[in-house]
Each structure stands twice: as structure tokens, then as C-alpha cells.
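**Student:** Sharing a structure below in C-alpha cells format, with a few things to ask.
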Amino acid sequence: MVADNDKQQRHKARQEKVKQQVDAKVAAATEVKGLLLIITGNGKGKSTSGFGTIARAVGHGMKCSVAQFIKGTWENGERNLLEKLGVDFQVMATGFTWETQNKDADTQAAQQVWQECKRMLQDESIDVILFDELTYMVSYGYIELDEVVEALNNRPKMQSVVITGRAAHRTLIEMADTVSEVKNVKHAFESGVKALKGVDW
């Protein structure tokens, strides 16, 4: 019984120390502004995480918009749901670049969506924006990095932006408030398992 009490006291002391550290960090966080979040890495779940943020914001009554690059010809479960909740979608409907194999057409399609992205980034009524797979557009040279940086820097102060995709440019990583890297440990597709509706897409 005494040993149990000692364990409880040690646990309580540890947790109190953790609470003090967390409380101090919360008290020190005084700046209020929209955030730039980047979700990158070679693992599965980047877009899913981005859409989760949009769903969270919609749940709080916020106005959200989404621009999708690359995957536009696939049925999209998140789009099926979120459009019903008033989320505006702009989609690069050419599909995966390795399917089109046409850089000029892909560049034109990317630029059309990017013009809509710039409109979003000037609209103070939009609280949260998801640019799904935007990193590829920068890597492939379909959209100029400097143009992306300028548009992000000049957006409304309280507007938050989530950017997903592999190999995020270091400039975007440096300017972001939060960066998460999704690591690929294991993927069913690599073992010959077909993508599953409702789970993979």
C-alpha cells in the first residue's frame, strides 16, 4: 500500500511538472495570426491530413476552399463530403502527370487552378485554404516559386493555408509556421494490394 502511494505521489509530481511546462508555453504564445502549414514527406496521408484540417475548420463554422493539383480525375471522397458543406473546390482535372505525359497541357491546367488560388489568397472571407499537391507544381516548374511565396506573404493576416505534397521546397519550409513530415514505413500498394475506396481514396 505504501509503495502504491509512493508511485502515485511520483506520478502526480511528474504530471505537475509537465503541466507547468505546458502552461508556460501556452502563456508565452501571444501572437494571433493565420498559419502556414506544410505536410510533406514520402509517406501516405498528407492529403488526408490536409483535408482533416479543412473538416475541422468547417466544423467550427469557418469558410474554407480547396485547390487540388494532380489527382483531379479520381473520384474524391473528401470532395463528395465537403462540397455539400459549402467548401469551394478548384481542381486541376488532367489527372496524374505520368498519365498525361504532356507538360504544356499540364502547365496550362496548373496555371488555371493557380489563378483561382491567387484569388483565394486575396479573399479575406476565406479562413482556411488547402493547396493539395502544390509542392509538385513548384518542383516541376508549372508554377513559379517566387509567385507562390509572394501570394502567400500578401494573404490576409488571419487566413491559414495548408500545403501538401512530397519534396516541399526549402523556401516554403523555411517560411511555414508548422511543418510535418510523413514518413513511409510500409504501404499496402507496394505488396500488390489495390487501393481501397474509402480508405486510400
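**Student:** Taking the condition in contact (Cβ under 8 Å) with a residue 60 or more places away in the chain, in contact with a Cys (Cβ under 8 Å, 6 or more places away or on another chain) and assigned by the TED database to the domain that holds Ile163, does Ile54 pass? Even if it seems obvious, please write down each step before you answer.
**Tutor:** Working: in contact (Cβ under 8 Å) with a residue 60 or more places away in the chain: yes; in contact with a Cys (Cβ under 8 Å, 6 or more places away or on another chain): yes; assigned by the TED database to the domain that holds Ile163: yes.
Answer is yes for this residue.
**Student:** Next question. Give me the residue from segment 148-195 that is over 28 Å from Leu35 (Cα atoms) and surrounded by 10 or more Cβ atoms within 10 Å (Cβ to Cβ) and, out of that set, farthest from the chain's Cα centre (by Cα).
**Tutor:** Of the residues in segment 148-195, the ones over 28 Å from Leu35 (Cα atoms) are 185-195.
Narrowing the set further to residues that are surrounded by 10 or more Cβ atoms within 10 Å (Cβ to Cβ) leaves 187-189, 193, 195.
Values: His187: 20, Ala188: 23, Phe189: 23, Val193: 26, Ala195: 21 Å.
Checked segment 148-195; the qualifying residue farthest from the chain's Cα centre (by Cα) is Val193.
**Student:** Among the residues of segment 166-198, write down those that are among the polar types (S, T, N, Q) and under 13 Å from Thr135 (Cα atoms). Steps first, answer last, please.
**Tutor:** In the first step, residues of segment 166-198 are kept if they are among the polar types (S, T, N, Q); the result is 171, 178, 180, 184, 191.
Selection gives Thr171 alone.
**Student:** Can you name the residue in segment 25-64 that is surrounded by fewer than 10 Cβ atoms within 10 Å (Cβ to Cβ) and over 30 Å from Trp201 (Cα atoms) and, of all such residues, is nearest to the chain's Cα centre (by Cα)?
**Tutor:** Filtering segment 25-64 for residues that are surrounded by fewer than 10 Cβ atoms within 10 Å (Cβ to Cβ) and over 30 Å from Trp201 (Cα atoms), the one nearest to the chain's Cα centre (by Cα) comes out as Val32.
**Student:** Out of the strands (runs of 3 or more DSSP E) lying entirely within segment 87-201, which hold 1 or more residues that are closer than 18 Å to Thr48 by Cα and at pLDDT below 95?
**Tutor:** Filter on segment 87-201 gives 88-91.
The values are calculated or read from the model by the stated rules, or taken from the named source; none is laboratory data. Since the model is a prediction, treat every value here as computed from it, not as a measurement. A quick note on method: Cβ atoms are made from the backbone with ideal geometry, for glycine too, and the neighbour counts reach across all protein chains shown.
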